[in-house]
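In what follows, a structure is listed as structure tokens, so that the remarks can point back to it.
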Amino acid sequence: MSADRNSLEELDEPEKLVLSDLINRVLDKGVMIKTHITISVADIDLIELDLNLLISSVDAMRNKRL
Amino acid sequence: MTTYLYGLLLDRNAHLVPAHIAGVGGAALRVVACDKIGALVSTVTTPPRSASIDDVRAHDHALQSVVHHGATVASVRFGQLFADDDDLRRWVGRLDARVVRALESRDGCVEMRLVLALEPRPATGAQAHVGPGTAYLEQLRAPGDSVKGLALRAALGPVVLREHVDPLAGGRGAAFSHLIRRQDEPAYREAVASQPSLAGGTVLGPLAFYSFAEADDE
């Protein structure tokens, strides 16, 4: 993930927001076919970038499981 | 070998999906017929159980490529894996009817997203004219304010069929999702460009349905 880290550090604010939107929609939106998937977040850059979105993603997945 | 699912489309539109699109891990996309639904999949040897930025980008890029070739696609959430194509068909067979309804009623439509950064609040002095984008974002900044009920749809006009709004990154911005007819993309971009308060925004798309993948009361 070193390439990701380098590129993230070079992003300006609008680019970071666009990346936040990408992460938000791919991880937290769209159709859920299976209701019990588990995706770990191994890339620390994602957490640094937008912790709130990732927490909501995990919550959304948990809610789908209930 | 595992079947990785990216999105769903009407099977009658499967011919619009070219053979050269690469997905997660570089594997080629293909369409698995599941009755009236076509499932956009690739065969992966190393399932992406970890959400790396590269894999997230690959998932989205594969869907965008299919949309670019003219298909209407409902995105599937990242990380949906199936033992094989037969396993996939069993799961798709249980698909929520609202997804099928959305694909049928919104065939020919795409999702556009407008990502807006929040400008720093002026320290003093009265603000000049405040456009709808700025007004919305200013309300996002206020703790506890709801995002519901606030919209750009009226400002952008009838080109926008439906709208969904997501706050981004702790109030630093917002993503407006707009459902439009595919042929209206130039008019949509023109409508956004005509709003001075949206000048700093980034328009993304055409995309697969992320916010509009399920039909609602319309």
Rg(Cα) / (2.2 N^0.38 Å) computed for segment B:1-93, rounded to two decimals: 0.96
I'd like the Karplus ³J(HN,Hα) series for segment B:9-24: coefficients 6.51, -1.76, 1.60, θ = phi - 60°, whole numbers in Hz, and an x wherever there's a Gly or Pro. 9, 5, 4, 5, 9, 4, 5, 7, 8, x, 8, 9, 7, 9, x, 4
Would you order B:T3, B:T72, B:T43 from fewest to most other beta-carbon atoms within 10 Å of each residue's own beta-carbon? B:T43, B:T3, B:T72
How far is it, in nm, from the label point at B:T2 to the one at B:A83 when both lie 7 Å from their Cα along the line to the Cβ? 1.4 nm
Ordered by residue, what ³J(HN,Hα) values in Hz, to whole numbers, does segment B:76-89 give under the Karplus form 6.51 cos²θ - 1.76 cosθ + 1.60, where θ = phi - 60° and Gly and Pro are x? 10, 4, 3, x, 7, 10, 9, 4, 6, 5, 5, 4, 4, 4
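Coordinate-derived values only; no laboratory data. Small disclaimer: the values here were computed from a predicted structure and weren't measured. As a convention, Cβ positions derive from the backbone with ideal geometry for all residues, glycine included, and neighbour counts pool all protein chains shown.
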